[in-house]
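Below: the structure, in structure tokens.
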Amino acid sequence: MEQYKKEFIEFMVDSKVLKFGDFTTKSGRKTPFFVNTGFYRTGGQLRRLGEYYAKAIQSKYGLEFDLLFGPAYKGIPLSVATSMAISELFQKDVKYCSNRKEVKDHGDTGILLGSPISNGDRIIIIEDVTTAGTSIGETMPILQAQGEVNVLGLIVSVDRMERGQGKKSALSEIEETYGIKTTAIVTMQEVVEHLYNKPYQGNIIIDDTLKAAIDAYYQQYGVHE
């Protein structure tokens, strides 16, 4: 596993973004783990988050793209932080853009924030965690309405690796539906691999009991090809 992935997993634990216990997801699934990106709350955390996204983008897609699009609202700071990190780490200047939830009719009118989108732009969409596809279903028409654009892919911070609407993973469903590549900084499999029965800051974060609960969750909600 790449070093930046290991560091990102520990960063999520330190930031209290990655939590273990008893939770219920929006879809009603009871889960032993939860990723709440709302706990990235400081400039330092956002700077590091942007760096991890930048490294994952460079690893998966390379740097031959023009624009990072972050859907409102959580994608707005992600697109800003990551475009800055790409500039700093790789000396590559990419545009950033987000949408408004409501179209303004005065001043800076229109639905977009940041850079305009031009014909021929190669775009990567950046989001927080794996979605059920509802968000991307709203985002793609916005992008396609701007002109002849090429959406290369979608990156999220964590792939929960569970079924979406059907039998395949949410990210796989997005790939099939929209014909784009999807990736994540880390998968939950990598999280478990890195933390299971290994001490971190004096604690075992994933012990045998928690590992059994995670395994049981994936037995019920995981992807079984």
Problem - Hey, residue 196 more than 19 Å from the chain's Cα centre (by Cα), hydroxyl-bearing (Ser, Thr, Tyr) and at pLDDT 95 or above or not - result: yes
Exercise for the section: Counting only residues that are of a type in the set (Ser, Thr, Tyr), under 28 Å from residue 140 (Cα atoms) and touching a helix residue (DSSP H, G or I) at 6+ places or on another chain (Cβ under 8 Å), give me the helices (runs of 4 or more DSSP H) lying completely in the stretch 164-225 with at least 1 of them. Expected result: 170-178
Fill in the blank from the handout: Matching residues in the stretch 88-99 (closer than 16 Å to residue 114 by Cβ and open to solvent by 50 Å² or more (accessible area, probe 1.4 Å)) number 3
Problem - In the stretch 53-69, the residues that are open to solvent by 10 Å² or more (accessible area, probe 1.4 Å), touching a helix residue (DSSP H, G or I) at 6+ places or on another chain (Cβ under 9 Å) and either at pLDDT below 95 or not in a loop (DSSP other than H, G, I, E, B) (or both) - result: 55, 58, 59
Exercise for the section: Might you let me know whether the stretch 70-78 holds any residue that is closer than 30 Å to residue 218 by Cα, open to solvent by 30 Å² or more (accessible area, probe 1.4 Å), part of a strand (DSSP E or B) and modelled with pLDDT of 95 or more? Expected result: no
Problem - Odd one out for residue 215 among (1) in contact (Cβ under 8 Å) with a residue 12 or more places away in the chain; (2) open to solvent by 30 Å² or more (accessible area, probe 1.4 Å) - result: (1)
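The values are calculated or read from the model by the stated rules, or taken from the named source; none is laboratory data. The structure displayed is predicted, hence computed values, not measured ones. Ideal geometry is used to build each Cβ from the backbone, glycine not excepted, and the neighbour counts take in all protein chains shown. Accessible surface areas use protein heavy atoms only, side chains included; no ligands, DNA or RNA. Shrake-Rupley method; radii C 1.70, N 1.55, O 1.52, S 1.80 Å.
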